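The values are calculated or read from the model by the stated rules, or taken from the named source; none is laboratory data. Predicted, not measured: the structure shown is a model, and the values here were computed from it. Cβ placement follows ideal geometry from the backbone for every residue including glycine, while neighbour counts extend to all protein chains displayed. When the accessible area is computed, the model is the full protein with side chains, heavy atoms only, and any ligands, DNA or RNA have been set aside. Shrake-Rupley method; radii C 1.70, N 1.55, O 1.52, S 1.80 Å.
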Amino acid sequence: MIPTYNKIHNRFKLNSSSFLYEDLEEVAYSYVKEGLPFEKEIGDFLIDWLDDKDYVLAQTSGSTGKPKSIKLQKQAMVHSAIATGDFFNLQPGDTALHCLPSRYIAGKMMLVRAMILGLELDITEPTSQPVFDYEQHYDFCAMVPLQLQKVKAYCNNIKTLIVGGAAVSSSLKEAIQGIKTNVFETYGMTETITHIAVKKINNFKIETECHAELVEASHFKTLPNIHISQDERNCLVIEAPKLSETKIITNDVVKLHSETSFEWLGRYDNVVNSGGVKLFPEQIEAKLESKMSTRFFITKEKEETLGECIILVVESKSNTVDASVFSGLTKFEIPKKIYSVEKFIESANGKILRQQTLKSLK
């Protein structure tokens, strides 16, 4: 196959300016030498993209282990960009807003999509509350949940917005039901070159141009050329020949609904076996979310009688929680202990690092 990563679409624009492939190197070096820190990250990636290697290095988030650097094939990144473009019906000349850090894969892929699909990309600093022209129409944008929470009232001129990097809370889902933007939660990781599946989380009664049948809020729908199955742990196995030469075996326990859709239940390494009953902390958290006034997470610790028991960790100076918040939980789901920590430890993109936070308690 002739590589296509060394070609730039003739409709590609960066901050309203058109660039040919050979022009981008000068832009990249300008960003590195004279740009703000977030622009330097963009410049660094563009230099990597334009070199003679067939891969780039990407940093994992560190949410499930130590952050590490992995090689991603440039041609696989092109395939990922095309799959996203096909799924969301992105066309050359469509406008896009880039507000994610370019040192991580999600930010890198916004640049790749723009270059390969011919999008007109506007760049803004990737803060928790991105500043952009709220009156400007954008066809496509990607954010993390915290960003969407902060700017949800100003997103109506964004046609399609994908949100990932962390789970989207039920309260945020409820808060975006009234906006015009079609919002999709994503499932993916650095190893899959961002998302390999999405689910629509608002505007279920509105017919959209892309995949109007996505009306079940709990199901993820896979992108083109993605094959899914389960291993003996009921964890998701991903076969994506255009993205990875090998099967990707995840630690995400899922329920398969079809050959192309699945429901995420929780992380295998988080599962609690309490007296023979398997409990998913993520599902307990969903039940508690609307009742808790502070950030929290559910995890486990060893217990002599049950083997493992549920514990609650709250971001607070006090470990006192009103017992009424546990109404609606089963007897196995009710936390046996409550711990408090003044500040949770987080990854760079805002995920709570549970194991590191737990270690800080000791």
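For this structure, a couple of remarks:
- Among the residues of the stretch 156-185, the ones that are charged (D, E, K, R) and in a strand (DSSP E or B) come to 2 in all.
- Of the criteria (1) open to solvent by 10 Å² or more (accessible area, probe 1.4 Å); (2) among the small types (Gly, Ala, Ser); (3) in a loop (DSSP other than H, G, I, E, B), which one residue 153 fails: (3)
- Considering each residue of the stretch 341-348 in turn, none proves to be open to solvent by 70 Å² or more (accessible area, probe 1.4 Å) and assigned to a helix (DSSP H, G or I).
- Looking only at the stretch 32-73, and only at residues there that are basic (Lys, Arg) and modelled with pLDDT of 95 or more, the one that is nearest to residue 245 (Cα to Cα): 40
- Evaluation of residue 81 against (1) touching a residue at least 40 places away in the same chain (Cβ under 8 Å); (2) open to solvent by less than 40 Å² (accessible area, probe 1.4 Å) (one fails), failing number: (1)
- Criterion applied to 291, 242, 302 was being of a type in the set (Lys, Arg) and touching a strand residue (DSSP E or B) at 6+ places or on another chain (Cβ under 7 Å), and the one residue passing it is 302.
- Test: residue 114 is closer than 21 Å to residue 190 by Cβ, over 16 Å from the mean Cα position of the chain (by Cα) and buried (at least 23 other Cβ atoms within 10 Å of the Cβ): yes
- Number of the exception - residue 206 against (1) open to solvent by 30 Å² or more (accessible area, probe 1.4 Å); (2) among the β-branched types (Val, Ile, Thr); (3) at pLDDT 90 or above: (3)
- Within the stretch 282-310, residues that are at pLDDT 90 or above have Cβ atoms under 8 Å from residues that are part of a helix (DSSP H, G or I) and β-branched (Val, Ile, Thr) in these pairs: 288/325; 291/325; 292/325; 297/357; 298/284; 310/284, counting only partners at least 6 apart in sequence or on another chain.
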